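Below is one structure; the comments refer to it alone.
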Amino acid sequence: MTSVELADADATAAAGRALAPFLSAGCAIGLIGDLGAGKTALVQAVVAALGATDSATSPTFTLINEYRRGQVPVYHVDLYRIERAVELDEIGLDEIFARGDGIVLVEWADRFDVMPRDHLRIHLEIEGSGRRLGFSGTGPRSAALAASWTAVLGTTGAC
Ligand SMILES: Nc1ncnc2c1ncn2[C@@H]1O[C@H](COP(=O)(O)OP(=O)(O)O)[C@@H](O)[C@H]1O
Ligand SMILES: [Mg+2]
């Protein structure tokens, strides 16, 4: 588990920008942390750095924001408002993971058992006036992603 201090919102954005270049179709990322911990802020920095544009074609746009980077869909999923597992079928998350054609970022990934076995698991915690970012991979692909991100974080001013 890599753990770094993010002193302010700029540091969170820098961390997201640092992760973006390592992402490709099939990457799954789960974000865990309390309200206001910075999950959305981190995702938005990743999406912006990917140069992904809002395609707004998703029928479940309230629960999934779908962006596109060239041909690669980027899905930003928020499970906060989902109360029952059956609602997960409605948003089609399993299908998105099964297709494996996109980059998928899921907020509140600990609320339901939805993530594929190999995913990057990100924890954000409020720590004083800043945040603590912790992350690790749960399989070979995400472990490589975690190692790449760790290697560049030191040079972004994010820690
Ligand atoms: N490292 C940080 N230190 C202090 N404030 C931060 C940091 N990163 C983000 N923030 C701020 O904290 C809030 C996080 O909100 P948000 O990203 O919506 O949280 P979440 O999605 O986890 O509920 C935003 O107001 C953001 O500007
Ligand atoms: Mg959020």
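Every number here is computed from the coordinates shown, using simple stated rules; none is lab data. Note that the structure is a prediction, hence the values are computed from the model and not measured. Positions of Cβ are generated from backbone atoms using ideal geometry, with glycine treated the same way; all protein chains shown enter the neighbour counts.
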Open item on the list: Just want the answer: with Cβ charges of +1 for Lys and Arg and -1 for Asp and Glu, which residue in Leu23, Ser148, Ala85 is farthest toward the dipole's positive end in the chain?
Closed with: Ser148
Task: Charged-residue dipole, Cβ positions (Lys, Arg, Asp, Glu), the chain about Cα centre, Debye nearest 20 - done: 460 debye
Open item on the list: Within region 107-127, list the residues whose amide N lies under 18 Å from a label point set 7 Å along Cα→Cβ of Ala144.
Closed with: 116-121
Open item on the list: If you fit an axis through the alpha-carbon atoms of helix 39-50 and take the longest principal axis of the Cα set of the chain, what angle between them do you get, 0 to 90°, nearest 10?
Closed with: 90 degrees
Task: Using alpha-carbon coordinates, inclination of helix 9-19 to the longest axis of the chain, degrees - done: 70 degrees
Task: Whole-angstrom Cα spans of region 61-101 along principal axes, big to small - done: 33, 19, 11
Task: Ranking of Trp108, Trp149 by count of other Cβ atoms within 10 Å, fewest first - done: Trp108, Trp149
TODO: Express the relative contact order of region 2-150 as a whole percentage, based on alpha carbon pairs under 8 Å and six or more residues apart in sequence.
DONE: 34 percent
Task: Length released on extending from Arg84 to Ile126, taking residue separation times 0.36 nm less the Cα-Cα span - done: 12.4 nm
- [ ] Report the Stokes-Einstein translational diffusion coefficient (µm² s⁻¹, integer) for the chain, Rh taken as the Kirkwood radius over Cα pairs, at 20 °C with viscosity 1.002 mPa s.
- [x] 138 µm²/s
TODO: Using amide H atoms built 1.01 Å from N in the peptide plane, name the residues 5+ places from Glu107, or on other chains, whose amide H lies under 5 Å from its own.
DONE: Leu31, Val77, Asp78, Leu79
Open item on the list: Please compute the length gained on full extension between Ala9 and Arg117, using 0.36 nm multiplied by the number of residues separating them and subtracting their Cα-Cα distance.
Closed with: 35.9 nm
Task: √(5λ) per eigenvalue of the Cα gyration tensor, region 29-119, largest first, Å - done: 19, 16, 12
